[in-house]
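Below is one structure; the comments refer to it alone.
The values are calculated or read from the model by the stated rules, or taken from the named source; none is laboratory data. Everything numeric in this text was worked out from a predicted model, so none of it was measured. Positions of Cβ are generated from backbone atoms using ideal geometry, with glycine treated the same way; all protein chains shown enter the neighbour counts. In case anyone asks, the SASA skips ligands and DNA or RNA and just uses the protein heavy atoms, side chains included. Shrake-Rupley method; radii C 1.70, N 1.55, O 1.52, S 1.80 Å.
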Amino acid sequence: MYGGSTSTVDGNRPAQVVVLIPAHNEESSIGPTVQALLAQERMPDRIVVVADNCTDETVEKASALHNQVLVVTRTINNRDKKCGGLNAAWRRYAMDADIVVCLDADTVLPPNAIGDWVKEFAEDPKLAGSSSKFTMRGTAFLVRLQRAEFAKWTDSSLRRGWTSVLAGTACAIRNSVLHEVTRTHKRHGPWLHASQVEDFELTYRIREMGYYCHVSPTVRAYTDAMVTVRALWGQRMKWQVGTVEDLLRFGYNKHTRLDWRQQAAGLLAAGVRFGWIFFTALYAALGILHFAPVWFFVPLLFIANDVKQALRIPHRDRWDIILAAVLLPQEAFAWMRACWFVAAWVEVLRSRITGRRKDRWSMQYAAEAAA
């Protein structure tokens, strides 16, 4: 039985909001995630924690938060990882919902989130999905770099007024659209395990049907970042490989133009950096390398741009500004980005030739577990 609510989607009856939380060995974070949902100004009507192949105490930790709207369930014989857990929970607990919120088990929503999402859908019938403005928690060096990166992504999406990906970290989707995707593509559920970036693939299918998605101007989500280079590499290779695979499958069209441009820009940036190293070494070997004052102009432009972006980071402090001003940390992160762009394209093209495809879901799980 759903809980009561005064907020509406269609103006005629209370909106039914179901939150789905796929959780794989999240005993340390599931408590705060659920507690933040129970503290919402507009309570969800149902919160479903989907413990997927857990070997820790995720189920026990979640179940200890006794509440009538909370359901804790385990997946059975699920080989499709996060997508399988989401689809099973959607079919069993969310078929009659108006809005489905997808939330990672290490992500905390502020008290206004559910209410603001309901209001967004009520005010705009054409809106199919709303992603949060997600912010990484922590003060570690690598965390700050990721936080700066996603602050820039959020600003770009807000300026455009739409997004090509409803980030599975924390987003809300109109359930009638999820049903339409499932029927149209004859799926077992909205999320497709064959895609290694299921949120990007689902968003594309939604936009393909004529709907639009955006980043919420008021809903922020606080989530964990990758704390080691290995974990970060595993996460980004999964994202990048999956994006390239899906783009090659979708082709170039009005819904993928932006993403193809971003791929081209990423490969161009990698080419410029690798080319700079090559020609600098070549000119030095030939004895024709000469330094000139103009060489300092470009780095100064980079520093000015990085500092400007750092001033837009939510909850920033002086260390975020310092990291931007000294250039080297941001440049090191840019080199990492260049490497995973190139590595992902090589991997995808090789897999098309050999027919062998790496399971990036399992590789990311392993990298995060080792962190």
Which residues, taken from the range 272-290, are outside any helix (DSSP H, G or I) and either touching a strand residue (DSSP E or B) at 6+ places or on another chain (Cβ under 7 Å) or β-branched (Val, Ile, Thr) (or both)? 288
Taking the range 230-256 on its own, how many of its residues are touching a Lys or Arg at 6+ places or on another chain (Cβ under 6 Å) and within 15 Å of residue 266 (Cα to Cα)? 1
Looking only at the range 216-234, count how many residues are modelled with pLDDT of 95 or more, polar (S, T, N, Q) and either open to solvent by 30 Å² or more (accessible area, probe 1.4 Å) or touching a helix residue (DSSP H, G or I) at 6+ places or on another chain (Cβ under 8 Å) (or both). 2
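Could you tell me whether residue 194 is hydrophobic (A, V, I, L, M, F, W, C) and without any contact (Cβ under 8 Å) to a residue 40 or more places away in the chain?
When the stated conditions are applied, residue 194 passes them.
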What single numbered condition from (1) within 21 Å of residue 170 (Cα to Cα); (2) open to solvent by 10 Å² or more (accessible area, probe 1.4 Å); (3) β-branched (Val, Ile, Thr) fails to hold for residue 55? (1)
Going through the range 305-330 in order, the residues found to be open to solvent by 50 Å² or more (accessible area, probe 1.4 Å), free of Cβ contacts under 8 Å to residues at least 40 places away in the same chain and under 18 Å from residue 153 (Cα atoms) are 305, 308, 311, 316
Can you confirm whether residue 128 is aliphatic (A, V, I, L, M), part of a strand (DSSP E or B) and either modelled with pLDDT of 95 or more or farther than 23 Å from residue 361 by Cα (or both)? yes
Can you pull out every residue in the range 38-52 that is outside any loop (DSSP other than H, G, I, E, B) and either in contact with a Gly (Cβ under 8 Å, 6 or more places away or on another chain) or open to solvent by less than 10 Å² (accessible area, probe 1.4 Å) (or both)? 46, 47, 48, 49, 50, 51
Being within 27 Å of residue 44 (Cα to Cα), in a helix (DSSP H, G or I), touching a Leu at 6+ places or on another chain (Cβ under 9 Å) and free of Cβ contacts under 8 Å to residues at least 40 places away in the same chain: is that true of residue 205 here? yes
Do we have any residue at all in the range 196-204 that's of a type in the set (A, V, I, L, M), open to solvent by 30 Å² or more (accessible area, probe 1.4 Å) and under 30 Å from residue 89 (Cα atoms)? no
Counting just the residues of the range 122-131 that are in contact with a Lys or Arg (Cβ under 8 Å, 6 or more places away or on another chain) and buried (at least 24 other Cβ atoms within 10 Å of the Cβ), which one comes out farthest from residue 25 (Cα to Cα)? 128
If you go through the range 147-170 one residue at a time, do you hit one that is more than 30 Å from residue 332 (Cβ to Cβ), touching a Cys at 6+ places or on another chain (Cβ under 9 Å) and aromatic (Phe, Trp, Tyr)? yes
Pick from 86, 166: which is in a loop (DSSP other than H, G, I, E, B), touching a residue at least 12 places away in the same chain (Cβ under 8 Å), touching a strand residue (DSSP E or B) at 6+ places or on another chain (Cβ under 7 Å) and of a type in the set (A, V, I, L, M)? 166
Take residue 170 and decide whether it is at pLDDT 95 or above and small (Gly, Ala, Ser). yes
